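Single-structure report; data block below.
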Amino acid sequence: MDDKMIMEDILTTAKSLADLYLHGTIESETVNVHQAFDNRLCDTLAMQNEIYTKMSQRGWYAAQQAPQQQIDQTRQKFSAQ
C-alpha cells in the first residue's frame, strides 16, 4: 500500500467519522451530549481539511473548477427560492 492509498483511507475514515458526529450532534437529547459530539465534529472537520490539503498539495486530490455558467445557474436557482 502506497502513501496515496493510505491517505485516501484516512480521509475516507475522517469523512465517515464526521458524518457520525454530525448525526450524534443533531440527535443528542442533552446539552452535554450535544456539546461532546459537536466538539468531536469540529475536531474531525479540521483533521479532514488538513488531510485534504496535504493530499491536494501532492496532487493526490485534484478538485475540478465548475464552469462559470453552471455556477451562475445554480446561484440563480437558489436565489429565486
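The values are calculated or read from the model by the stated rules, or taken from the named source; none is laboratory data. Everything quoted here is computed from the prediction, not taken from an experiment. Glycine gets a Cβ as well: all are built from the backbone with ideal geometry, and neighbour counts include every protein chain shown. Side chains included, ligands, DNA and RNA excluded: accessible areas come from the protein's heavy atoms. Shrake-Rupley method; radii C 1.70, N 1.55, O 1.52, S 1.80 Å.
Identify, please: which residue in segment 24-45 is in a helix (DSSP H, G or I) and surrounded by fewer than 12 Cβ atoms within 10 Å (Cβ to Cβ) and is, among those, nearest to the chain's Cα centre (by Cα)?
Residues of segment 24-45 in a helix (DSSP H, G or I): 24-27, 31-45.
Retained after the next criterion (residues that are surrounded by fewer than 12 Cβ atoms within 10 Å (Cβ to Cβ)): 26-27, 31-32.
On the way: 26: 16, 27: 19, 31: 24, 32: 24 Å.
Across segment 24-45, the extreme among qualifying residues is 26.
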Report task. Residue by residue through segment 47-65, note down the ones that are loosely packed, with under 11 Cβ neighbours inside 10 Å and among the aliphatic types (A, V, I, L, M). Result -> 62, 63
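For residue 5, are the conditions met, namely being over 12 Å from the mean Cα position of the chain (by Cα) and not in a helix (DSSP H, G or I)? Reasoning before the result, please.
On the way: over 12 Å from the mean Cα position of the chain (by Cα): yes; not in a helix (DSSP H, G or I): no.
It is false that residue 5 is over 12 Å from the mean Cα position of the chain (by Cα) and not in a helix (DSSP H, G or I).
Residue 75 - would you say it is more than 19 Å from the chain's Cα centre (by Cα) and open to solvent by 70 Å² or more (accessible area, probe 1.4 Å)?
Numbers: more than 19 Å from the chain's Cα centre (by Cα): yes; open to solvent by 70 Å² or more (accessible area, probe 1.4 Å): yes.
When the stated conditions are applied, residue 75 passes them.
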Report task. Determine which single condition residue 5 fails, assuming it passes every other condition in (1) aliphatic (A, V, I, L, M); (2) surrounded by 12 or more Cβ atoms within 10 Å (Cβ to Cβ); (3) under 22 Å from residue 52 (Cα atoms). Result -> (2)
Query raised in the report: With respect to residue 11, is the statement that it is assigned to a helix (DSSP H, G or I) and open to solvent by less than 90 Å² (accessible area, probe 1.4 Å) true?
Result: yes
